[in-house]
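Undergrad: Before I ask anything, here is the structure I am working with.
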Amino acid sequence: MAVIRTATDNFSQENKIGEGGFGEVYKGILSDGRHIAVKRLSSSSKQGIDEFKNEILLIAKLQQRNLVALIGGTAAGVLYLHEYSRLKVIHRDLKPSNVLLDENMNPKISDFGMARIVQIDQDRGQTNKIAGTW
């Protein structure tokens with residue numbers, strides 16, 4: 001936790017880049033110069049710990065070098081998730097606030113808390129849980 005506190009300057013307001021269902025999101029720089037985004041789970045979160053854990057596990061399984069870096073644009077990112085990733089992922093909460101821009105204004109898909117992994121040959125499914133924001 002000390003590394004994250006140092007990278008985000010102890011979660012300073014200057015480093016706050018957004019707020020989502022889980023809580024606040026901060027930018028930071030690690031000691032090796034890598035830029036990171038840190039989600040800080042809020043006790044008053046509108047979404048549960050299960051969705052937070054789901055996002056962490058899903059991103060780890062995708063084995064991306066950067067949390068939000070997928071492919072070029074948003075459409076290319078969705079195509080990657082649906083067709084080219086070794087896991088077939090349905091995001092379920094794609095909206096403007098879940099698309100971040102890097103320093104070169106390239107869009108990056110973020111916030112995988114509501115995402116689901118489906119079978120590689122599956123093109124439809126059912127769910128008992130309604131997710132997303134409206």
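This table checks each residue for (1) at pLDDT 85 or above; (2) over 19 Å from V99 (Cα atoms); (3) in a helix (DSSP H, G or I).
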| position | (1), (2), (3) |
| --- | --- |
| I17 | yes, no, no |
| Y26 | yes, no, no |
| K53 | no, yes, yes |
| R65 | no, no, no |
| A75 | no, no, yes |
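To keep it simple, each residue is scored yes or no on (1) more than 22 Å from K27 (Cβ to Cβ); (2) exposed (fewer than 12 other Cβ atoms within 10 Å of the Cβ); (3) at pLDDT 70 or above.
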{"site": "H82", "(1), (2), (3)": "yes, no, yes"}
{"site": "I90", "(1), (2), (3)": "yes, no, yes"}
{"site": "D93", "(1), (2), (3)": "no, no, yes"}
{"site": "N106", "(1), (2), (3)": "no, no, yes"}
{"site": "I109", "(1), (2), (3)": "no, no, yes"}
{"site": "V118", "(1), (2), (3)": "yes, no, yes"}
{"site": "W134", "(1), (2), (3)": "yes, yes, no"}
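The values are calculated or read from the model by the stated rules, or taken from the named source; none is laboratory data. All values reported here derive from a predicted model rather than from experimental measurement. Glycine gets a Cβ as well: all are built from the backbone with ideal geometry, and neighbour counts include every protein chain shown.
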